[in-house]
Amino acid sequence: MHLDEYASLTMKELSSIVEGFKKSKNAVILGHNYQVPEVQVLADYLGDSLRLAQLAMEADAELIVLCGVRFMAESAAILNPDKRVIIPSLEAGCPMADMATPEQVEAQREEHPGAVVVSYVNTSAEVKAVSDVCCTSSNAVDVVKAIDADEIIFVPDRNLGAYVASKTSKRIILWDGHCYVHSMFGPEDLELARGEHPGVRIVVHPECPPDVVREADFVASTGGMMKLAAEHDELIVGTEIGLVERMNREYPDRNFYPLSAFAVCRNMKMTDLPRLAYALEHEQYVVSVPEKTRVCAERALTRMLEMSPGPKGPSS
Ligand code: 13P
Ligand code: SF4
């Protein structure tokens, strides 16, 4: 069927088509926490960037459908060269990942010989390939602490880099990249939210600016935020609204308030049910990484997995 035909179907029809393809094609749907709710509920697993990379390795499926942004599907493809990884929307990139090129990383290396390059997974496969180790928002502090060097070039999120710097004694050379969704939060949002929900604790993502992170009660990845949701009756949540929707759906008797209802990642929202059904039927768009790049990027990702709880790499 053509995409336009899928777009004319009801949610119920689309859901049963997706379920049917999942079975007939032995596919697993991995969804990021920022996906639209109708995709979230059809996903076999939801998670943050670290968990999605681990799930892709654990999956006993011939086809992995990664509902998220391109770097997430690329990580799955890098770690699973023998599996077919597809993404429903090719345009779903992460603008922050486009803020660093391999040439720029190499230039920084020349400027700071002896420094170790740590790249956030929100980077292209090419940038990972020239990095020493990767990290995600859930393990960045631990990864940097475990590195046997005092100087770190942290690529590309200056806010996550500043957060890491505040938690370690290492010299962190910051990159000038940022996430347009999390950069929009300011201390005034916390003040407003505290006024509206007195006494409710605030959790923010480490991609938020330092003056927001400083004022928050907790700082966590989206996976870490889900763990906090399990422990609190109420929370104010400073990240993309998809995660807040997930919390309120999974804990209907609790209250989770978005720090801003405008925190929407347009890129994450490019995946919808018609595209998901179309992707499954046509098994596209296949995400693959040239082998030379893949092998180098795999090394940086595997080093990160070795420093994190969970599966350690393709051979584990
Ligand atoms: P998490 O790994 O915390 O889910 O973050 C991914 C991301 O893109 C945040 O903007
Ligand atoms: Fe990229 Fe920000 Fe969207 Fe995350 S929320 S995928 S960092 S643009």
Residues satisfying the stated conditions in region 254-270, i.e. more than 14 Å from ligand 1 (Cβ to nearest atom) and out of contact with any Asp or Glu (no Cβ under 8 Å at 6 or more places or on another chain): 258, 261, 262
Residue, farthest from residue 128 (Cα to Cα), within region 247-290, restricted to residues that are acidic (Asp, Glu) and free of Cβ contacts under 8 Å to residues at least 60 places away in the same chain: 253
Qualifying residue in region 281-290 (condition: among the small types (Gly, Ala, Ser) and crowded, with 18+ Cβ neighbours inside 10 Å): no
Scan of region 160-207 for residues that are within 16 Å of ligand 1 (Cβ to nearest atom), assigned to a loop (DSSP other than H, G, I, E, B) and either in contact with a strand residue (DSSP E or B) (Cβ under 8 Å, 6 or more places away or on another chain) or not β-branched (Val, Ile, Thr) (or both), ordered by number: 175, 178, 179, 180, 185, 205, 206, 207
Verdict on residue 125 being buried (at least 23 other Cβ atoms within 10 Å of the Cβ), under 22 Å from residue 293 (Cα atoms) and not basic (Lys, Arg): yes
Flag for residue 237 being touching a Phe, Trp or Tyr at 6+ places or on another chain (Cβ under 7 Å), over 24 Å from residue 102 (Cα atoms), at pLDDT 95 or above and among the aliphatic types (A, V, I, L, M): yes
Complete set of residues in region 174-183 that are surrounded by fewer than 17 Cβ atoms within 10 Å (Cβ to Cβ) and more than 9 Å from ligand 2 (Cβ to nearest atom): 176
Residues of region 189-218 classified as in contact with a Leu (Cβ under 8 Å, 6 or more places away or on another chain) and either among the small types (Gly, Ala, Ser) or within 29 Å of residue 176 (Cα to Cα) (or both), total: 12
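Yes/no matrix, rows are residues, columns are (1) among the hydroxyl-bearing types (Ser, Thr, Tyr); (2) within 15 Å of residue 284 (Cβ to Cβ); (3) in contact (Cβ under 8 Å) with a residue 12 or more places away in the chain:
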residue	(1), (2), (3)
45	yes, no, yes
56	no, no, yes
59	no, no, yes
63	no, yes, yes
72	no, no, yes
79	no, no, yes
98	no, no, yes
Test: residue in region 102-116 that is within 16 Å of ligand 1 (Cβ to nearest atom) and either buried (at least 20 other Cβ atoms within 10 Å of the Cβ) or at pLDDT below 95 (or both): no
Failed condition for residue 246, given (1) more than 16 Å from ligand 1 (Cβ to nearest atom); (2) of a type in the set (Lys, Arg); (3) at pLDDT 95 or above: (1)
Matching residues in region 55-70 - criterion: being within 13 Å of ligand 1 (Cβ to nearest atom), crowded, with 24+ Cβ neighbours inside 10 Å and farther than 21 Å from residue 15 by Cβ: 69
Top-ranked residue of region 232-267 - restricted to ones that are more than 21 Å from the chain's Cα centre (by Cα) and within 21 Å of residue 45 (Cα to Cα), ranked as surrounded by the fewest Cβ atoms within 10 Å (Cβ to Cβ): 252
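The values are calculated or read from the model by the stated rules, or taken from the named source; none is laboratory data. Bear in mind the structure is a predicted one, so any value in this text is a computation, not a measurement. A quick note on method: Cβ atoms are made from the backbone with ideal geometry, for glycine too, and the neighbour counts reach across all protein chains shown.
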